[in-house]
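Take a look at the structure set out below.
The values are calculated or read from the model by the stated rules, or taken from the named source; none is laboratory data. It should be emphasised that the depicted structure is a prediction, and the values quoted were computed from it without experimental measurement. Note: ideal-geometry Cβ built from the backbone for every residue, glycine included; neighbour counts use all protein chains shown. Please note that ligands, DNA and RNA were not included when accessible areas were found on the heavy atoms of the full protein model with its side chains. Shrake-Rupley method; radii C 1.70, N 1.55, O 1.52, S 1.80 Å.
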Amino acid sequence: MSVYLDYQSSKPVDPRVVEIMLPYLHDKSGNPSSLHRVGDTATEVLEASRAAVARFIGAERDEIIFTSGATESNNLALVGHALRNKDKGNHIIISEIEHISILNITKYLEKNGFTVSRVPVDQFGRIAIEKISERVTDKTIMVSIGYANNEIGTIQQIETIGRLCRDKGITFHTDAVAAEGLIPIDVKRDNIDLMALSSNDIYGPQGLGVLYVKKGIRINPLIIGGGQERGLRSGTENIAAIAGMKRAAEIMGEEMATETKRLQRYRDRLIEKVLDLVPRSYLNGHPTLRLPNNAHFRFEGIEGESLLLSFKEKDIAVSTGSACSSKTLEPSHTLIALGLLHEEAHGSLQITFGRFNKDSDLETLLQTLPQIVKRLRKLSPLYKWEV
Ligand code: PMP
């Protein structure tokens, strides 16, 4: 029986979402720019979805821009804002544990005349506010800090960082993909100016993202064409996916509070049991300020890759390192930023629960994991203790 415990890297689309999407892939498939009835229907869906997503994060309807995914949203936010505001300054602040898309976008900006400060984190992956404020200069135009980390699940003090940026007149962007649907996000409370979301992270279809752009924040488009999405993101809108994201946001709004309690129960039982049953195992990330569905462990003396393969043999899907670049052999930049040695970072395992997990999935994992670790340690020249 297969067990899926890798919800951070991808989520199955909720069947209730699929059902809503189907007509828009066929007889209701239209282009919102067309001036006939099918076009009108597409426009209605587009605007209704914009309103539903806005409600979900406490925004206004016309502050929502649909994109092809969170990578594009992050690009539009950082590059679009940098280009538009380069007369005001050329300095951007991020953290050392941002998602790979943010890291690579800022490398690109550095090659194009911008300077970037990368704020360190503590051993749990938390960013201290002073570390940000002491890097601010009169050239700083933007701060970009992820709402929560997509690997270790540590949640940042977003409201405080937002307030700091607002007080200093700096635009604040957050990649909220890891946090969305797991902790309540309110762009006004959190003083957010730009925010990336992804449809799939709330059980909508892949290949659709959102950039929240607060009224008054000026950015340049990166994709130029017919002027859709207020000219910020041209191209015919993916109406079926957008209809799906509307339903996904509504369901998430209704179910999040109870669902996160259930996931948290799984997470807490898993962490307690693993640390108890497996000697020389440690939790990566913050003990309490972490996403309710995330457990991230380090096992001395074994490699994450061999762990993954052993789980694969048993048809259990788990993850190591970053879900978005896990096929590279480089240790995770996030784990290195916590102060872990390369071999420690390589011996890590990420488990993320989600909507379709059952009690039996957790029990299967709890039966399997200690045995796998034991077997790998017996074979490992790195493990110096008795197995
Ligand atoms: N940001 C975070 C925090 C992510 O986890 C991901 C990957 N799910 C992305 C951005 C990029 O999303 P996508 O691959 O859908 O563009």
(Q) Using a Gaussian network model on the chain with a 10 Å cutoff between Cα atoms, which of Thr260, Thr174, Thr352 fluctuates the most? (A) Thr260
Q | Fully extended contour minus Cα-Cα distance, from Arg280 to Lys374, at 0.36 nm per residue | A | 32.7 nm
Q.
Under the rule of at least 5 residues apart or a separate chain, name every residue whose amide H is placed under 5 Å from the amide H of Tyr4.
A. Ala317
Q: Can you tell me the dipole magnitude for the chain around its Cα centre, using point charges on the Cβ only (Lys, Arg +1; Asp, Glu -1), in Debye to the nearest 20?
A: 360
Q | Solvent-accessible area, 1.4 Å probe, carbon plus sulfur percent, for the range 69-212 | A | 48
Q | Solvent-accessible surface (1.4 angstrom probe) belonging to Ile316, in square angstrom, nearest 10 | A | 10
Q: List the residues of the range 170-189 whose backbone N lies under 14 Å from a point placed 7 Å from the Cα of Glu255 along the Cα-to-Cβ direction.
A: 181-182
(Q) Which order do you get for His286, His333, His173, His36 if you rank them by accessible area with a 1.4 Å probe, largest at the top? (A) His36, His333, His286, His173
(Q) At 1.4 Å probe size, what's the solvent-accessible area of Thr43? Round to the nearest 10 Å². (A) 50
Q: Would you mind telling me which residue in Asp40, Asp14, Asp201 has the biggest mean-square fluctuation in a Gaussian network model of the chain, where springs connect alpha carbons within a distance under 10 angstrom?
A: Asp40
Q) Relative contact order for the range 15-251 using alpha-carbon pairs under 8 Å, separation at least 6, rounded to a whole percent? A) 29
Q: Please build a GNM for the chain, connecting alpha carbons under 10 Å apart, and tell me which residue among Val278, Val187, Val116 fluctuates the most.
A: Val278
Q | Under Karplus coefficients 6.51, -1.76 and 1.60, residue-wise ³J(HN,Hα) of the range 346-354 in Hz, glycine/proline x | A | 6, x, 9, 9, 10, 10, 10, 8, x
(Q) Leaving out ligands and nucleic acids, and using a 1.4 Å probe, what accessible area per residue does the range 239-387 come to in Å²? (A) 47
Q) Scanning the chain for helices, which whole DSSP H stretches are 27 Å or more long along the axis (Cα) and average -1.0 or more by Kyte-Doolittle? A) 37-57, 239-277, 359-379
(Q) Order Asp62, Asp175 by their accessible area, 1.4 angstrom probe, all chains in place, largest first. (A) Asp62, Asp175
Q. Counting only protein chains, not ligands or nucleic acids, how are Glu343, Glu300, Glu63 ordered by accessible area (probe 1.4 Å), most first?
A. Glu343, Glu300, Glu63
Q: Compute, for Thr258, the solvent-accessible surface of its heavy atoms (probe 1.4 Å) with the complete set of protein chains present, and express it in square angstrom to the nearest 10.
A: 100
Q | Helical contribution to [θ] at 222 nm, DSSP H n ≥ 4, -39,500 (n - 2.57), averaged over the chain, rounded to 500 | A | -13000 deg cm²/dmol
**Q.** the chain: antiparallel DSSP beta bridges as a percent of all, rounded to 5
**A.** 55
**Q.** Between the range 14-65 and the range 120-153, the Cα center-to-center distance that results, in Å
**A.** 35
